[in-house]
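First comes the structure, then the notes that go with it.
The values are calculated or read from the model by the stated rules, or taken from the named source; none is laboratory data. Nothing here was measured: the structure is a model prediction, and the numbers come from that model. With ideal geometry, Cβ positions are generated from the backbone for all residues, glycine too; neighbour counts draw on all protein chains shown.
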Ligand SMILES: N[C@@H](CCC(=O)N[C@@H](CS)C(=O)NCC(=O)O)C(=O)O
């Protein structure tokens, strides 16, 4: 039987947050790899789903609804299933505020730092130092928030946590020090223990394996375009 949802993506945190949400909801879904390193996101077929040429995209086959932008997808799933986003009141807006902090600040700043670490002019360059400082500020902001709340929106686990969880893993990748962010570390360890997070991890491993095929399909010109070197 065809699953209700189809998720188009790769192994990036913006996609993995949707995998985590679908696992939390125990929803039936298929994952289709988009070979972003080979430029598949720029094809007319993909742009008909998301004109911004980015993953994730989620298709709800039952409702005949196509969504892009991970924050919009999380809100859609939360409202469709009535979970992880209160329907009204102060807690709803706490959740939305911290969800938007992730989508418009945490993701973009950490993402830019990744870009300039990997493809920029290296340590000491203006862009590298700017985004390193802005990334550290994001981790400090989350840590400060989590020093007074169990979860980002308060007492309850929500789509704000689901959106931010994988991004917090960049503390390791970006060689920051967890000792500077003890509350963020406590929160991340707690979420990692959730059964859905463990299942999402397994799904990411399967996606990583297929992503290697996608990278193998990329030419040098494709890779240069991906890193904006063309
Ligand atoms: N604001 C978007 C960001 C999506 C995004 O940056 N996706 C990346 C992977 S994490 C992507 O598709 N990169 C390929 C490209 O930019 O060509 C969201 O939250 O969904």
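Within the range 59-66, does at least one residue satisfy the condition of being under 25 Å from residue 156 (Cβ atoms), more than 10 Å from the ligand (Cβ to nearest atom) and surrounded by 15 or more Cβ atoms within 10 Å (Cβ to Cβ)?
yes
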Selected residue [closer than 30 Å to residue 86 by Cα and crowded, with 22+ Cβ neighbours inside 10 Å] from 135, 147: 135
Candidates 203, 192 - the one that is within 30 Å of residue 141 (Cα to Cα), at pLDDT below 95 and within 20 Å of the chain's Cα centre (by Cα): 203
Meets criteria (surrounded by 14 or more Cβ atoms within 10 Å (Cβ to Cβ), more than 22 Å from residue 162 (Cβ to Cβ) and at pLDDT 95 or above) for residue 102: no
Quick one: is residue 158 in the same structural domain as residue 12 (by TED's automatic domain parsing) and in contact with a strand residue (DSSP E or B) (Cβ under 8 Å, 6 or more places away or on another chain)? no
Among the residues of the range 32-42, is any under 25 Å from residue 225 (Cβ atoms), away from the ligand (no atom under 14 Å from the Cβ), surrounded by fewer than 18 Cβ atoms within 10 Å (Cβ to Cβ) and outside the structural domain of residue 160 (by TED's automatic domain parsing)? no
Considering every residue within the range 101-123, establish whether at least one is more than 11 Å from the ligand (Cβ to nearest atom) and either within 27 Å of residue 60 (Cα to Cα) or touching a strand residue (DSSP E or B) at 6+ places or on another chain (Cβ under 6 Å) (or both). yes
Does residue 74 satisfy the condition of being within 19 Å of the chain's Cα centre (by Cα), closer than 27 Å to residue 140 by Cβ, within 13 Å of the ligand (Cβ to nearest atom) and surrounded by 18 or more Cβ atoms within 10 Å (Cβ to Cβ)? yes
Answer yes or no: is there a residue in the range 145-158 that is modelled with pLDDT of 95 or more, over 24 Å from residue 24 (Cβ atoms) and not in a loop (DSSP other than H, G, I, E, B). yes
Please pick out the residue among 186, 229, 225 that is touching a residue at least 40 places away in the same chain (Cβ under 8 Å), under 24 Å from residue 121 (Cα atoms) and assigned to a helix (DSSP H, G or I). 225
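If a residue counts only when it is free of Cβ contacts under 8 Å to residues at least 24 places away in the same chain, which helices (runs of 4 or more DSSP H) contained entirely in the range 2-114 have at least 3 such residues?
Counting at least 3 such residues, we get 44-49, 70-81, 90-101.
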